[in-house]
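Trainee: The structure follows.
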């Protein structure tokens, strides 16, 4: 009797351990080791459906299409298996397949770590063959960065997966399997057009900014003025940001969506130079917002207290170049710890607000400055109501201040998800507005 109780307890413990060591894919729930082999086999088939192997119907092996009795275990820890499977692939395809296998294994580990937190009323965490999805509440549309091992896919776009109201993932197809929308990841032609629009607008801005800085610096009478010095720093910030954005779009993004050899692209290699370019682009984009704030602050102080203008610009220099460095470094540290891949182009989710929050704050304060300046101008007009030319001057001044303060960028803060109708057109409108700002000044 006593030994029977021990046996039953042992079996219960063993069952609990085995159940807690399971991982889920769109095809079902598997023990960890089986999942790793199973997911790796389907990585091969999903990425290269026309190639030599296909998943075996009754095991987790890959079977030769011409002879189903010949099978191979897609185990990336087994060099013989890797060599056998990669013999049917090019070196680039082999790299992509191995990366997909590694990502699926990471997904399994992620599921095991979060298993205790999963609620049975939610859509469960799962692997869909390309990407790893965390548990989601009913009625929620989840997004993940597009995987880099897909052809022409960039991680700045997102795949979409819908959790239905009954707590199950949306299903489609004749077999009723979980369905994920990877259309945004594969719409590289739309992305290519957006890149060309953005690069064109940036080049137009640079053609306006560089001569302006040269002219300002060529005349000592101009460069001595505080207002002109602020303009020069503001323009240098935009020139630096523009150059880095053009390099990023052409050398990184365009390279990924046009290269036939995925493993040779900069995004895939994730080199130190690529990550450095990414953080420099983020830093100088942030300096744009801070210098717009500095322009607004200086003009606001000048108008509110005309008889006591700022005498020194040291504080503005520290604010304009130093402040963005602080939260850019903080962002880089978080990146290194949590998402040190794909040239730091994969979204960090809520942690992106390390960068977004200060930039948005600058825009909102500049909206306040603009409204205050406009109020002061209108108040002055009431003092001289019979001078219509003053009204026209006030309107012209207001329109000039809008791009100078970056107020128009407030309409681009919200990013429309790529799966929604009209998202492509909004993206192009946003690219034109953002990249041609200095052409309007």
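Here, each number is a calculation from the coordinates, and none is a lab measurement. Please read all numbers here as calculations on a predicted model, not as lab measurements. A quick note on method: Cβ atoms are made from the backbone with ideal geometry, for glycine too, and the neighbour counts reach across all protein chains shown.
Trainee: From the square roots a ≥ b ≥ c of the eigenvalues of the alpha-carbon gyration tensor of the stretch 23-109, which class results: rounded (a/c under 1.5), prolate (a/b over b/c), or oblate?
Mentor: Oblate, since a/c reaches 1.5 and b/c is not below a/b.
Trainee: In percent, what relative contact order does the stretch 32-153 have, based on Cα pairs under 8 Å that are 6 or more apart in sequence?
Mentor: 20 percent
Trainee: Now for a different question. Subtracting the Cα-Cα distance from 0.36 nm times the residue separation, let me have the gained length for residue 87 to residue 57 in nm, one decimal.
Mentor: 8.6 nm
Trainee: Taking one equal scatterer on every alpha-carbon of the stretch 326-378, how large is log10 of I(q)/I(0) by Debye at q = 0.13, 0.14, 0.29 1/Å?
Mentor: -0.46, -0.50, -1.08
Trainee: Once the Cα atoms of the stretch 120-185 are picked out, what are the Rg and Dmax in Å?
Mentor: Taking only Cα atoms of the stretch 120-185, I get Rg and Dmax of 11.9, 36 Å.
Trainee: Determine, for each peptide in 240-246, 133-139, the mean count of other beta carbons within 10 angstrom over its residues, then list the peptides with the highest first.
Mentor: Result, highest mean first: 240-246, 133-139.
Trainee: Further, regarding this structure: Please work out the FRET efficiency for the pair residue 365 and residue 261, using the Cβ-Cβ distance as r and a Förster radius of 35 Å; give the result to the nearest 0.05.
Mentor: Efficiency computed from Cβ-Cβ geometry: 0.15.
Trainee: Would you work out the Kirkwood radius for the stretch 73-127? I mean one over the mean of 1/r across all pairs of different Cα atoms, in Å.
Mentor: One over the average 1/r among Cα pairs gives 13.0 Å for the stretch 73-127.
Trainee: Note down the nm distance, to one decimal, between modelled labels 7 Å out along Cα→Cβ at residue 251 and at residue 271.
Mentor: Label at residue 251, label at residue 271, 0.8 nm between them.
Trainee: Can you give the Kirkwood hydrodynamic radius of the stretch 191-263 from its Cα pairs, in Å with one decimal?
Mentor: It is 13.9 Å.
Trainee: Write down the Kirkwood hydrodynamic radius of the stretch 29-171, to one decimal in angstroms, obtained as one divided by the mean of 1/r over all alpha carbon pairs.
Mentor: It works out to 16.1 Å.
Trainee: I need 158, 259 ordered by Cβ neighbour count within 10 Å, fewest first.
Mentor: Going from least to most buried by this count: 259, 158.
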